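Structure first, then comments.
The values are calculated or read from the model by the stated rules, or taken from the named source; none is laboratory data. For clarity, every value in this text was computed on a predicted model and none was experimentally measured. When we count neighbours, we look across all protein chains shown, and the Cβ atoms used for this are built from the backbone with ideal geometry, even at glycine. Note: areas computed on protein heavy atoms with side chains; ligands, DNA, RNA excluded. Shrake-Rupley method; radii C 1.70, N 1.55, O 1.52, S 1.80 Å.
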Amino acid sequence: MTARWYTGLFAALLALLALGGVATAEEVVLKTQTALPKNHDLSKSFISSFVEPLNARGKGVVRVDYLGGPEINPPDKAAPAVQRGAIDLLHTPAAYHAGLVPQGATMMATNLGVKDYRANGAVDLLAPNWEKKLNAKILAIGETSAQFYLYLVDKPKLRSDGVVELKGVKIRTTGAYRPLVEALGATPVQITNAGEVYTALERGLVGGFGWPTVGLASQKLAGLVKYRVDPPFYHLANVLLVNLDKWKAMPKAAQDLVMTVAAEYEKASIDNMIRAAKADEEAIKKAGVQVFAMEGEGAKKYLQTAYEAQWKRATSRLDK
């Protein structure tokens, strides 16, 4: 054999080794969306406490490619996008896909924190429902310290039982608020995209809306309503989902890092919401929004109505 033949063989082996090196060192890229706008407090919590830390620590191993918010997929279409693998990672309120995974609604209708229902095994019990119905794995449940309020344009009255009277009032809803809104006799108007609430209020299409205890200031909604109905109800449950096929194909090093950062994000998101809630309180004061507070038995019955309505709706849709 000639020297030229050996030279060619050596070059080919070097090329194969180089290709092999690239393959083993290839960085996992997770195409990611938030169901809410990028500037919403809930999305900002996820980006600052998960996306940015993971990208800083995962160089060469795993990277989040944040594509955007509802402009990528509408909020109620984002979970199915994860299911079919159009996106890999999704940060979303569980209420947006409660029609597909009704167990998500039960996470809102609780007074327990995420630490409690991780410790008591509730997360392990619930998680397989996402795997079965959405082909997705739950990585974290975030922002659970946030709750919900109803906001109104016009001052309401109290019923004889001390509960706010909302019969006939058009209220913007998602799956998170619909059970309570209907139980109070209000007219639910389904507006899934948070960015469309402003326009609906401006045009008088709704006389109020349900909203988390955060995000009002960032979405500039405080100036369009005059009353906040107290007390707050439910607890927010944002789930961080990853396509199950994508997850199973990831190297263990990438999986381990993602799970570590996800656990840190889950804890950090609680403090993120506490800070954001304070900003919203200042925003409603500045905008002149008044608190319409139920008291005593009226407040108790209001909360009882909220929780019972949510549980009734969720359990009626669970698999028998």
- Query: Does residue 131 satisfy the criteria of being in contact with a helix residue (DSSP H, G or I) (Cβ under 7 Å, 6 or more places away or on another chain) and acidic (Asp, Glu)?
  - Reply: yes
- Scan (1) open to solvent by 50 Å² or more (accessible area, probe 1.4 Å); (2) farther than 30 Å from residue 222 by Cβ; (3) hydrophobic (A, V, I, L, M, F, W, C) for the single condition residue 261 breaks and write down its number. (1)
- For the stretch 137-151, what are the residues that are open to solvent by 40 Å² or more (accessible area, probe 1.4 Å) and either of a type in the set (S, T, N, Q) or in contact with a Ser or Thr (Cβ under 6 Å, 6 or more places away or on another chain) (or both)? 145, 147
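Just name the residue that is surrounded by the most Cβ atoms within 10 Å (Cβ to Cβ) out of those in the stretch 159-182 that are among the basic types (Lys, Arg) and in a loop (DSSP other than H, G, I, E, B).
Of the stretch 159-182, the ones among the basic types (Lys, Arg) are 159, 167, 170, 172, 178.
Filter again for in a loop (DSSP other than H, G, I, E, B), leaving 159, 167.
On the way: 159: 17, 167: 10.
Residue satisfying both the conditions and the ranking: 159.
Give me the helices (runs of 4 or more DSSP H) completely within the stretch 206-316, filtered to those with at least 2 residues that are at pLDDT below 95, ordered by residue number. Don't jump to the end; show me each part of the working.
On the way: elements: 244-249, 252-287, 296-316.
Passing ranges, in order: 252-287, 296-316.
Yes or no, residue by residue, for (1) among the aliphatic types (A, V, I, L, M); (2) touching a Lys or Arg at 6+ places or on another chain (Cβ under 8 Å); (3) open to solvent by less than 20 Å² (accessible area, probe 1.4 Å):
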{"site": "256", "(1), (2), (3)": "no, no, no"}
{"site": "280", "(1), (2), (3)": "no, no, yes"}
{"site": "288", "(1), (2), (3)": "no, yes, no"}
{"site": "302", "(1), (2), (3)": "no, no, yes"}
{"site": "310", "(1), (2), (3)": "no, no, yes"}
- Can you tell me which residue in the stretch 183-196 is farthest from residue 307 (Cα to Cα), limited to those that are outside any loop (DSSP other than H, G, I, E, B) and in contact with a Leu (Cβ under 8 Å, 6 or more places away or on another chain)? 194
- Matching residues in the stretch 89-118 (modelled with pLDDT under 85 and among the polar types (S, T, N, Q)) number 3
- Please work out if residue 134 is at pLDDT 95 or above, open to solvent by less than 20 Å² (accessible area, probe 1.4 Å) and over 20 Å from residue 270 (Cβ atoms). yes
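So, in the stretch 81-102, how many residues would count as being touching a residue at least 60 places away in the same chain (Cβ under 8 Å) and surrounded by fewer than 20 Cβ atoms within 10 Å (Cβ to Cβ)?
Taking the stretch 81-102 first, the residues touching a residue at least 60 places away in the same chain (Cβ under 8 Å) are 82-83, 85, 87-96, 98-99, 102.
Add one more test, that the residue is surrounded by fewer than 20 Cβ atoms within 10 Å (Cβ to Cβ), and what stays is 85, 99.
The number of residues fulfilling the criteria is 2.
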- Could you run through the stretch 48-80 and say how many residues are in contact (Cβ under 8 Å) with a residue 60 or more places away in the chain, of a type in the set (Gly, Ala, Ser) and not in a helix (DSSP H, G or I)? 1
